[in-house]
Amino acid sequence: MIAYLEHFVHGTDKESRPDDDFVDFSEALDLQGTIDCAPNAMASKDFGGLQSVKPLALIRPATADDIARVLKAAARSSNLTLAARGNGHSINGQALADQGIVLDMRSMEENFHVVWIDGSAYVDVPAGALWEDVLKRCVGERGLAPRSWTDYLGLTVGGTLSNAGVSGQTFRYGPQTSNVTELEVVTGKGDTLVCSETENSELFFAALGGLGQFGIITRARVVLQQAPDMDVDRLLRRLRFLRAFKFQVDVGYTQFLLRVKRVEEDAKANGIWDAPHPWLNLFVSSHNIIDFDHVVFKGILSEGVGGPILVYPLLRSKWDPRTSVALPESDIFYIVALLRFNPPPPRGPAPELLVAQNQEIIQFCSSRGFDFKPYLPHYKCQEDWKRHFGNQWTRFVSRKTSFDPLFILAPGQKIFSRNLQP
Ligand SMILES: Cc1cc2nc3c(=O)[nH]c(=O)nc-3n(C[C@H](O)[C@H](O)[C@H](O)COP(=O)(O)OP(=O)(O)OC[C@H]3O[C@@H](n4cnc5c(N)ncnc54)[C@H](O)[C@@H]3O)c2cc1C
């Protein structure tokens with residue numbers, strides 16, 4: 001690898017040679033994991049397929065100590081950035097690092113431990129594990145289940161905790177960020193800290209919904225309960241609902257949780273999985289959802305979105321305001337998810353048209369003064385991020401300054417630019 005880097009730096013075309021800092025950086029590392037200086041397309045793109053960048057290297061860390069070493073070395077450079085890549089299921093390049101380092105968190109997916117504390121069960125999960133792995137290890141092997149899942153389980157634990165993690169269970173139990181009690185985080189300064197509501201609490205709440213800005217989550221302690229039983233009639237008796245809307249399918253708990261896997265398998269079979277996905281996710285206040293329905297669903301989207309549209313209510317009281325997630329003000333708001341699965345052109349519409357349609361929806365909500373927030377947000381400039389966080393912006397910046405003062409982490413979010421002074 002050193003020979004490769006020599007060539008990398010002392011190549012014939014001096015003008016186009018990459019950053020000299022990278023050589024010092026990689027030599028100093030001495031990792032247990034691996035470093036790939038010619039990363040494949042996996043590190044350059046994400047599920048959205050709307051952006052493509054060139055990272056300098058892909059690192060597969062074996063331990064939190066590897067991550068700490070990488071971060072300390074990056075801090076000694078003048079301009080290196082670093083992005084954790086969960087399963088790369090972002091839409092707008094949030095897990096990418098142009099001319100930076102990508103950490104493939106999937107390399108840290110082993111070491112599950114169920115722990116019992118005061119009669120309650122928890123599982124310590126490596127952040128690079130998929131929720132699908134949690135299903136196998138906890139439900140499959142122990143009959144124990146997290147209370148709050150995502151609807152689709154091919155996402156990493158660290159990736160969803162860096163956003164929120166929502167599903168049909170969120171109404172009752174809150175998002176996944178409300179269902180973890182402890183994290184291990186390597187901060188942007190390279191310090192490895194265990195944090196919780198009572199220990200290093202500022203870091204704990206910063207990292208939850210923190211868009212990867214404050215540290216790399218390496219382990220999460222997830223609250224477990226007995227996996228629910230399958231007595232559908234007993235469950236339905238406890239619900240109040242319009243009987244005419246009842247839709248019932250008889251599947252086991254595991255099959256139910258894997259229901260979106262079939263969408264993935266179908267999309268992969270017909271070439272749509274790898275096409276661009278200009279998805280839009282919004283949280284829209286209950287005060288505005290009727291107007292949203294009239295103008296957006298019945299107007300702008302009257303032709304559909306080429307895939308499922310999810311709409312379900314969420315209660316603000318189930319979300320901890322100390323986390324970094326930005327929410328509408330209203331006590332009740334709806335997640336609206338436009339999960340576009342269009343075939344690529346010429347069979348389907350140009351992705352740019354769909355991006356423009358998303359923009360039109362956001363513009364409409366803004367111009368009408370709706371109480372709404374994008375979920376899995378993405379903006380191009382800091383002014384927009386300030387607006388997104390509103391009165392949480394000062395706290396967000398202060399946390400950034402404490403935990404990642406050189407602005408090394410998660411450059412793909414485009415919130416901060418690398419601070420040049422090491
Ligand atoms: C098919 C599909 C289904 C989805 N279903 C749901 C759903 O049901 N519910 C839901 O809430 N969301 C859903 N999402 C969105 C999903 O939550 C986001 O894509 C999220 O980013 C998690 O994906 P990931 O693990 O691939 O993370 P990535 O996209 O790889 O990373 C997302 C961000 O988190 C950062 N990050 C990743 N790992 C870590 C870590 N360990 N520590 C710190 N920062 C980290 C990255 O740098 C990046 O900024 C879905 C997305 C897709 C494509």
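The values are calculated or read from the model by the stated rules, or taken from the named source; none is laboratory data. Model, not experiment: these values are computed from the prediction. Counting neighbours? That spans all protein chains shown, and the Cβs are built from the backbone with ideal geometry, glycine included. The accessibility values were calculated without ligands, DNA or RNA, using every heavy atom of the protein model including side chains. Shrake-Rupley method; radii C 1.70, N 1.55, O 1.52, S 1.80 Å.
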Fluctuation leader among 333, 389, 241 - the chain, Gaussian network, Cα springs under 10 angstrom:
241
For the chain the mean separation of alpha carbon contacts under 8 Å (6+ apart) over residue count, i.e. relative contact order in percent, is 17 percent
Which distance in Å, rounded to a whole number, links the C-alpha centroids of the stretch 134-159 and the stretch 274-298?
27 Å
How far is helix 393-403 tilted, in degrees, relative to the longest principal axis of the Cα atoms in the chain, given as a value from 0 to 90 rounded to the nearest 10?
40 degrees
Suppose a student asked you for the relative contact order of the stretch 274-374, using Cα pairs under 8 Å spaced at least 6 residues apart; what percent would you report?
46 percent
Net charge within 12 Å of residue 136 by Cβ-Cβ distance, Lys/Arg positive one each and Asp/Glu negative one each, not counting residue 136 itself?
-2
Among the stretch 275-298, those whose backbone N falls under 17 Å of a label point 7 Å along Cα→Cβ from residue 331 are 285-289
Which residue, 98, 66, 118, has the most motion in a Gaussian network model of the chain that connects Cα atoms within less than 10 Å?
118
With DSSP loop assignment and no more than 11 other C-beta atoms within 10 Å, the trypsin sites (Lys or Arg not before Pro) in the stretch 185-248 are 238, 240, 246
Of all the accessible heavy-atom surface of the stretch 186-240, with the other protein chains kept in place and a 1.4 Å probe, what percent is carbon and sulfur?
48 percent
On the first, second and third principal axes, largest extent first, how far apart are the outermost C-alpha atoms of the stretch 274-374 in Å?
45, 28, 20
Solvent-accessible area per residue for the stretch 274-374 at a 1.4 Å probe radius, Å²?
47 Å²
Taking only the alpha-carbon atoms of the chain, what semi-axes of the equivalent ellipsoid follow from 5 times the gyration tensor eigenvalues under a square root, in whole Å, largest first?
35, 26, 22
The aspartates and glutamates whose Cα lies under 18 Å from the Cα of residue 136, excluding any fewer than 8 residues away in the same chain, are 109, 110, 124, 151, 229
What number comes out for the charge environment of residue 44, summing +1 per Lys or Arg and -1 per Asp or Glu over other residues with Cβ under 15 Å away?
-2
Filter the cross-link list 318/414; 54/380; 72/386; 189/261 down to pairs whose alpha-carbon distance in this structure exceeds 27 Å.
318/414; 72/386; 189/261
Near residue 394, within a Cβ-to-Cβ distance under 13 Å, what is the net charge of the other residues, with Lys and Arg +1 and Asp and Glu -1?
+4
